[in-house]
1. Modelled label-to-label distance, residue 351 and residue 130, 7 Å Cα→beta-carbon offset: nm?
2. Taking a temperature of 37 °C and a viscosity of 0.692 mPa s, what whole-number D in µm²/s does Stokes-Einstein yield for the chain with Rh from Kirkwood over alpha carbon pairs?
3. Starting with the fewest neighbours, write out 282, 204 ranked by other beta-carbon atoms found within 10 Å of each beta-carbon.
4. Taking the Cβ of each residue in 28, 187 as the centre, tally the other Cβ atoms inside 10 Å and list the residues starting with the fewest.
5. Run the paramagnetic zone check for residue 97: 7 angstrom along Cα to Cβ, then residues of segment 136-177 with backbone nitrogen under 20 Å.
6. Kindly express, to the nearest 10 degrees and within the range 0 to 90, the angle between helix 166-177's C-alpha long axis and the longest C-alpha principal axis of the chain.
7. Treat each spin label as a single point 7 Å out from the Cα along the C-beta direction, and report the residue 237 to residue 26 distance in nm.
8. At q = 0.13, 0.16, 0.17, 0.20 Å⁻¹, what is the base-10 log of I(q)/I(0) for segment 3-177 according to the Debye formula with one equal point scatterer per Cα and no solvent? Please give it to two decimals.
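All of the numbers you see were taken from the coordinates with simple rules; none came from a lab. As the structure is a computational prediction, the values presented were derived from the model and not from experiment. Heads up, the Cβs are rebuilt from the backbone with ideal geometry, glycines too, and the neighbour counts pull from every protein chain shown.
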């Protein structure tokens, strides 16, 4: 990746988890430089971080430098991102009030790079209004925070204050390090996953959509700097961090969630597999098994993509065509009929890619007749190519 992260480790029991952060960032080819506070060294030794990062660990502000450079200034310039994990109330209070009295606080104060705090502390400390005021103050200055988790803490208390999941922290850091920030200032809405059509209180029909494609599109937009809203049908996927997620179940719920706010967005990507039909009559009681075959009559449900095409103004509207036959012909027809700017045609006739797979093989078609044929690749790579195409032609 060729990026540099300065990791600040402060004095909390969660300091040992920072070792895992270093390990995971290094596996992603990110250069990690660790600064430890005096209290952090009471929990973990500098040698542990040095072994994992392959860099000397800095903790003494007045240590003789190994090269002719002022270390806190050198690291402040070198860092693409500064991450403080765990971040104690002490370091948050210092930075909020302009105090720079050790290597970590001076480096943070001297940097122009993005600074991310991952707080970890006792619940009562975290909820203390003084700390919360300091956090809000720093947010106004542009500092980022990763919310702590809730659970049983080292002190025995139960509540909010656990260091956020290491995977989540690394995901946020990688998002901040993403090279392309060409969607900064843009708002993107993505729909993902299936919807369900209810038959009775315990039965429904749905489809095979896993939501993976839509979630990767949402993450790509987020990492490129957009403010993203993800309207998701039922999936087994973890909600992406830094994205406003609206969970829905039915066609109607997805329609309402999107139509109520569609004009707020510059780009709308409709990758959800929305149910086309629903039972004509819904039974509010469980349908009992009888001796006869059960016959359910269906009726057309809302065509959300078509509705968006009818009302769109300056929004860029992207649809998906999941087809088992006549792929390109059907996709072109849908592109024109529904007044889309782009359509992604994907073949669902094989298990090698498409539904539930981590891969896709698609053709991206634009309204001007151009087509981009993509061979089998990860869904994240498809998402990257999709936004590259949109930005090249539209923004």
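1. 6.1
2. Translational diffusion coefficient: 139 µm²/s.
3. 282, 204
4. Starting with the residue having the fewest Cβ neighbours, the order is 28, 187.
5. 136-143
6. With both axes taken from Cα atoms, the answer is about 90 degrees.
7. Placing both labels 7 Å along Cα→Cβ, they lie 3.2 nm apart.
8. Results for segment 3-177 at q = 0.13, 0.16, 0.17, 0.20 Å⁻¹ read -0.58, -0.90, -1.03, -1.46.
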